[in-house]
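Structure first, then comments.
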Amino acid sequence: MSRREQILDTAAGLFAERGFHGVSVNDIGEACGISGPALYKHFAGKEDLLAHSLTSISERLLSEGRQRRAEAGDPAAALDALIAWHVEFALTHPALIVIQDREWSNLPPAAQAAVRELQLAYIDAWVETLRELRADLDRATARAAVQAVFGLINSTPHSARISADSMARLLASMSRAALLAT
């Protein structure tokens, strides 16, 4: 892991734990084993750290989601791959889910727009896959179903009380059932 990635990961954990305004640049530096001012070699400040955290993970979600969808042999396999990817993300990056939800208003407008654009593209990959399986769904209904499933999966930072493997199986099963329900 590069120093930059370490800083992003540490900052996300601290933002999730204490809130954006409860963390200083010095706190982040100390947690990384460097001085607070040394962070400025990598980021312009706390807002920049928050923006990069949410932008980079949104880029990764989209990129990995598209790749898994493309590698799947058929729409059912593509849906399973998307579900598995999002569940894996939610279980391994709970801090990013928390800060996405709780710290959105602290993102500068340009970062909000960039993150929103990436998120909408990610949602669209799911919607296209779902509509290949469920021709009865119009685009708006498919989008609503996908976003409801994201809500289910993204609840894990607050609801995961069983082992990660058991939670992954439960979330995948529930997500698939919800999306394919008639």
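The values are calculated or read from the model by the stated rules, or taken from the named source; none is laboratory data. No experiment lies behind these values; they were computed from the predicted model shown. Counting neighbours? That spans all protein chains shown, and the Cβs are built from the backbone with ideal geometry, glycine included. Just so you know, the surface numbers come from the protein's heavy atoms only, side chains and all, with ligands and any DNA or RNA stripped out. Shrake-Rupley method; radii C 1.70, N 1.55, O 1.52, S 1.80 Å.
Somewhere in segment 3-17, is a residue touching a residue at least 24 places away in the same chain (Cβ under 8 Å) and under 19 Å from residue 119 (Cα atoms)?
Yes.
Determine which member of the set 134, 69 is touching a Ser or Thr at 6+ places or on another chain (Cβ under 7 Å), farther than 30 Å from residue 28 by Cβ and among the basic types (Lys, Arg).
Only one candidate passes the filter, namely 69.
Can you tell me which condition residue 132 does not meet? The list is (1) open to solvent by less than 60 Å² (accessible area, probe 1.4 Å); (2) part of a helix (DSSP H, G or I), and all the others hold.
Condition not satisfied by residue 132: (1).
For segment 46-53, state whether one or more residues are closer than 27 Å to residue 125 by Cα, of a type in the set (A, V, I, L, M, F, W, C), touching a helix residue (DSSP H, G or I) at 6+ places or on another chain (Cβ under 9 Å) and open to solvent by 20 Å² or more (accessible area, probe 1.4 Å).
no
Tell me which residues, restricted to segment 84-94, are open to solvent by 30 Å² or more (accessible area, probe 1.4 Å) and within 11 Å of the chain's Cα centre (by Cα).
88, 91, 92, 93, 94
Does any residue of segment 105-121 turn out to be of a type in the set (Lys, Arg), under 27 Å from residue 20 (Cβ atoms) and either at pLDDT below 95 or open to solvent by 30 Å² or more (accessible area, probe 1.4 Å) (or both)?
yes
Any chance you could count how many residues in segment 100-113 are touching an Asp or Glu at 6+ places or on another chain (Cβ under 9 Å) and part of a helix (DSSP H, G or I)?
2
Residues being open to solvent by 40 Å² or more (accessible area, probe 1.4 Å), small (Gly, Ala, Ser) and modelled with pLDDT of 95 or more: count how many of those fall in segment 152-182.
Counting residues in segment 152-182 that are open to solvent by 40 Å² or more (accessible area, probe 1.4 Å), small (Gly, Ala, Ser) and modelled with pLDDT of 95 or more gives 3.
Among the residues of segment 22-39, write down those that are open to solvent by 50 Å² or more (accessible area, probe 1.4 Å), outside any loop (DSSP other than H, G, I, E, B) and modelled with pLDDT under 90.
Residue satisfying the conditions is 37 alone.
Just checking, which of 54, 61, 49 is of a type outside the set (Ser, Thr, Tyr), in a helix (DSSP H, G or I) and farther than 18 Å from residue 153 by Cβ?
So the residue among 54, 61, 49 that is of a type outside the set (Ser, Thr, Tyr), in a helix (DSSP H, G or I) and farther than 18 Å from residue 153 by Cβ is 49.
So residue 73 fits all but one of (1) in a helix (DSSP H, G or I); (2) under 27 Å from residue 134 (Cβ atoms); what number is the exception?
Every condition holds for residue 73 apart from (1).
Kindly provide the set of residues from segment 1-55 that are under 22 Å from the mean Cα position of the chain (by Cα), basic (Lys, Arg) and more than 18 Å from residue 111 (Cα to Cα), ordered by number.
3, 4, 18
Only residues that are among the polar types (S, T, N, Q) and either touching a strand residue (DSSP E or B) at 6+ places or on another chain (Cβ under 7 Å) or open to solvent by less than 60 Å² (accessible area, probe 1.4 Å) (or both): list them for segment 137-151, please.
none
Does segment 154-174 include one or more residues that are of a type in the set (S, T, N, Q), part of a loop (DSSP other than H, G, I, E, B) and under 14 Å from residue 86 (Cα atoms)?
Taking every residue of segment 154-174 in turn, at least one turns out to be of a type in the set (S, T, N, Q), part of a loop (DSSP other than H, G, I, E, B) and under 14 Å from residue 86 (Cα atoms).
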